[in-house]
């Protein structure tokens, strides 16, 4: 659903100038009610090694060596796995550098770090995030990585190995009178921009009734598949609020004038996604725990400015966090 543009001047730099591919907040999921974003996302990105577009490029993974104890937990004969990434997102989401070829991102660093610890060779596939989870059961991919939040609905068909804690959040223009969204009823009558097929979309659609139940005009959910369209919609006044990952929102606000981050709304664990009853989960859990123990985990978070999203230990398919 889209509404016609309001007559207001475009005062913000297009998000396309932040990343070479005008990438959206893809760290969402697909088909249920909640997703990821960084807890407090304090700090910025590590500028000691950054590309011309400001995205950190420091190599914090290639020097890692195999952890034999963790690798022994893999099913016998497992040496190579196929992983599906959803490419396209404001940092720390996975996206391209200015060369249009080099992929970078927090999820990519964690995936490669785990592969190093397990001595695995990875075959990487790019897919839209809404296509990844359904494809796991068929065996098309061995696991998926797209900042997938752990939800009760997903746990019916998917196993997760957690590596970060995340959540949903909101952002808007600085000239907005909105200060904090603690209840979706505050959105009544507004236009809300979010990614198509995401858990943010599901959360919004499932809760529209809070407005009509209270005799108020329902908010409109405006979904976009094109990479930079969510931010552009807010920039150009077609939308009043963005709902997406907190890490992505914080980065976008920090790199664009005229925007403000509102608040976290709902926190979720985020994990590597596998088909149900996978035999790979124990090895991945052990690998994440080794990364936490040897300091690599903290280094990756510091690189991407997401230290507020750290976890103490990895879990296999924990229950959804309920606020």
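With respect to the stated conditions, residue 201 fails to be out of contact with any helix residue (DSSP H, G or I) (no Cβ under 9 Å at 6 or more places or on another chain), surrounded by fewer than 19 Cβ atoms within 10 Å (Cβ to Cβ), within 22 Å of residue 147 (Cα to Cα) and not assigned by TED's automatic domain parsing to the domain that holds residue 152.
Restricting to the range 220-229, and then to whatever is at pLDDT below 90 and not in a loop (DSSP other than H, G, I, E, B), can you tell me which residue is surrounded by the fewest Cβ atoms within 10 Å (Cβ to Cβ)? Per the stated criteria, the residue is 224.
Of all the residues in the range 207-219, those that are in a helix (DSSP H, G or I) and surrounded by 13 or more Cβ atoms within 10 Å (Cβ to Cβ) number 2. Could you tell me which of the residues 239, 232 is over 30 Å from residue 156 (Cβ atoms), more than 18 Å from the chain's Cα centre (by Cα), assigned to a helix (DSSP H, G or I) and not assigned by TED's automatic domain parsing to the domain that holds residue 106? Selected residue: 232, the only one of 239, 232 that is over 30 Å from residue 156 (Cβ atoms), more than 18 Å from the chain's Cα centre (by Cα), assigned to a helix (DSSP H, G or I) and not assigned by TED's automatic domain parsing to the domain that holds residue 106.
Pairing each residue of the range 296-318 that is in the same structural domain as residue 161 (by TED's automatic domain parsing) and assigned to a loop (DSSP other than H, G, I, E, B) with any residue that is modelled with pLDDT under 95 and surrounded by fewer than 16 Cβ atoms within 10 Å (Cβ to Cβ), provided the two are 6+ apart or on different chains, yields C-beta distances under 7 Å for 305/43; 305/44. If you go through the range 266-295 and keep only what is over 22 Å from residue 83 (Cβ atoms) and part of a loop (DSSP other than H, G, I, E, B), you end up with just 295. Taking residues in the range 112-125 that are assigned by TED's automatic domain parsing to the domain that holds residue 143 and without any contact (Cβ under 8 Å) to a residue 12 or more places away in the chain, and partners anywhere that are part of a loop (DSSP other than H, G, I, E, B) and surrounded by 17 or more Cβ atoms within 10 Å (Cβ to Cβ), not one pair has Cβ atoms closer than 7 Å while being at least 6 places apart or on different chains.
Of all residues in the range 114-148, those that are touching a helix residue (DSSP H, G or I) at 6+ places or on another chain (Cβ under 6 Å) and on the phi < 0 side of the Ramachandran plot total 8. The test for being part of a loop (DSSP other than H, G, I, E, B) and assigned by TED's automatic domain parsing to the domain that holds residue 292 holds for residue 76. Taken together, the criteria place residue 162 among residues that are modelled with pLDDT of 95 or more, in contact with a strand residue (DSSP E or B) (Cβ under 7 Å, 6 or more places away or on another chain), within 30 Å of residue 313 (Cβ to Cβ) and surrounded by 21 or more Cβ atoms within 10 Å (Cβ to Cβ). Note on the range 103-122: among residues that are touching a strand residue (DSSP E or B) at 6+ places or on another chain (Cβ under 8 Å) and part of a loop (DSSP other than H, G, I, E, B), the one that is surrounded by the fewest Cβ atoms within 10 Å (Cβ to Cβ) is 120.
Is at least one residue of the range 84-95 within 30 Å of residue 253 (Cβ to Cβ), touching a strand residue (DSSP E or B) at 6+ places or on another chain (Cβ under 9 Å) and at pLDDT 95 or above? Within the range 84-95, one or more residues are within 30 Å of residue 253 (Cβ to Cβ), touching a strand residue (DSSP E or B) at 6+ places or on another chain (Cβ under 9 Å) and at pLDDT 95 or above. Going by what's in this entry, would residue 58 be described as within 18 Å of residue 306 (Cβ to Cβ) and surrounded by fewer than 19 Cβ atoms within 10 Å (Cβ to Cβ)? Taking the combined requirement at face value, the residue satisfies it.
Looking at 247, 263, just one residue is farther than 25 Å from residue 85 by Cβ and either surrounded by 23 or more Cβ atoms within 10 Å (Cβ to Cβ) or modelled with pLDDT under 95 (or both), and that residue is 263.
The values are calculated or read from the model by the stated rules, or taken from the named source; none is laboratory data. Please read these numbers as outputs of a predicted model, since none were measured by experiment. Counting neighbours? That spans all protein chains shown, and the Cβs are built from the backbone with ideal geometry, glycine included.
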